[in-house]
1. Rg/Rh for the chain: what does it come to with C-alpha atoms and Rh from Kirkwood?
2. Fewest to most neighbouring Cβ within 10 Å: what's the order for 205, 232?
3. Given the options 101, 158, 56, which has the most mean-square fluctuation in a GNM of the chain, springs set between C-alpha atoms less than 10 angstrom apart?
4. Could you put 66, 41, 98 in order, starting from the residue whose Cβ has the fewest other Cβ atoms within 10 Å?
5. Quickly work out the residue 153-to-residue 7 label distance, labels modelled 7 Å from Cα along the C-beta direction, and quote it in nm with one decimal.
6. Sequence gap at least 6, Cα distance under 8 Å: using those rules, report the relative contact order of the chain to the nearest whole percent.
7. Thinking of the range 123-182 as a set of Cα atoms, what percent of all their pairs are more than 17 Å apart?
8. Give me 135, 223, 35 sorted ascending by neighbouring Cβ count inside 10 Å, so fewest comes first.
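Computed from the coordinates by the stated procedures, all read-outs in this text should not be read as laboratory data. Only a predicted model underlies this, so the values are computations on that prediction, with no experimental measurement involved. Glycine gets a Cβ as well: all are built from the backbone with ideal geometry, and neighbour counts include every protein chain shown.
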Ligand code: GLP
């Protein structure tokens with residue numbers, strides 16, 4: 001879906017979530033962070049206040065996290081989602097799951113998250129952004145398409161792009177913990193969002209180029225239930241035959 005305005009971008013994405021929750025009130029949602037979905041979360045909060053959406057049975061998981069970050073740091077994915085969504089809506093505390101940024105064992109934490117996702121019956125609807133290098137979650141270029149939840153070194157590009165969350169690149173943790181590409185592909189439905197001219201090149205590569213681990217987002221081409229929401233700037237370099 002290609003939208004004309006920022007308002008349409010945000011509300012189109014929010015409406016997809018509303019439709020999912022209407023269809024299955026106890027949906028398991030996987031949630032992304034970043035600049036891109038900020039407006040969508042605002043619309044969701046507003047729709048909740050207008051009683052157009054009910055989160056009382058919804059289960060949420062975060063897609064990724066900064067590994068090693070203080071878990072109370074507002075720049076973490078947990079901090080972001082709490083501030084922008086969780087504290088404003090009627091999600092039950094026990095239905096909010098996180099990746100722990102400072103687990104006793106990273107390896108055990110990854111296993112725990114994969115088991116948790118299985119126990120919850122899988123992810124019904126997973127929201128994704130795209131990094132300028134094509135990353136999904138923190139699956140940086142080169143990540144195996146067979147990967148499950150894992151810890152990964154963040155690229156310089158990703159640390160620079162996320163400097164805003166930690167008040168400077170030097171404060172951005174050097175590693176991430178993220179659902180793997182296989183974990184992502186196992187979600188029953190995916191929604192990827194990208195906006196702005198600075199995403200046009202990578203969107204073109206991801207959707208006009210081959211499916212390759214060099215561009216993790218290219219795997220969306222082979223998911224059987226994926227929606228991609230773009231604004232016209234992000235879509236500007238796509239070849240016409242796609243839409
Ligand atoms: C971070 C997150 C990703 C997100 C990406 C894009 O790296 N870990 O999940 O998709 O940023 O961010 P932005 O929306 O700010 O471009």
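1. Answer for the chain: 0.93.
2. 232, 205
3. Result: 56 has the largest fluctuation of those listed.
4. Neighbour counts put them in this order, fewest first: 98, 41, 66.
5. Output for this residue pair reads 4.7 nm.
6. Values: 469 pairs, mean separation 54.4, N = 243.
Contact order relative to length: 22 percent.
7. 39
8. Working: 135 27, 223 17, 35 13.
Fewest-to-most ranking of 135, 223, 35: 35, 223, 135.
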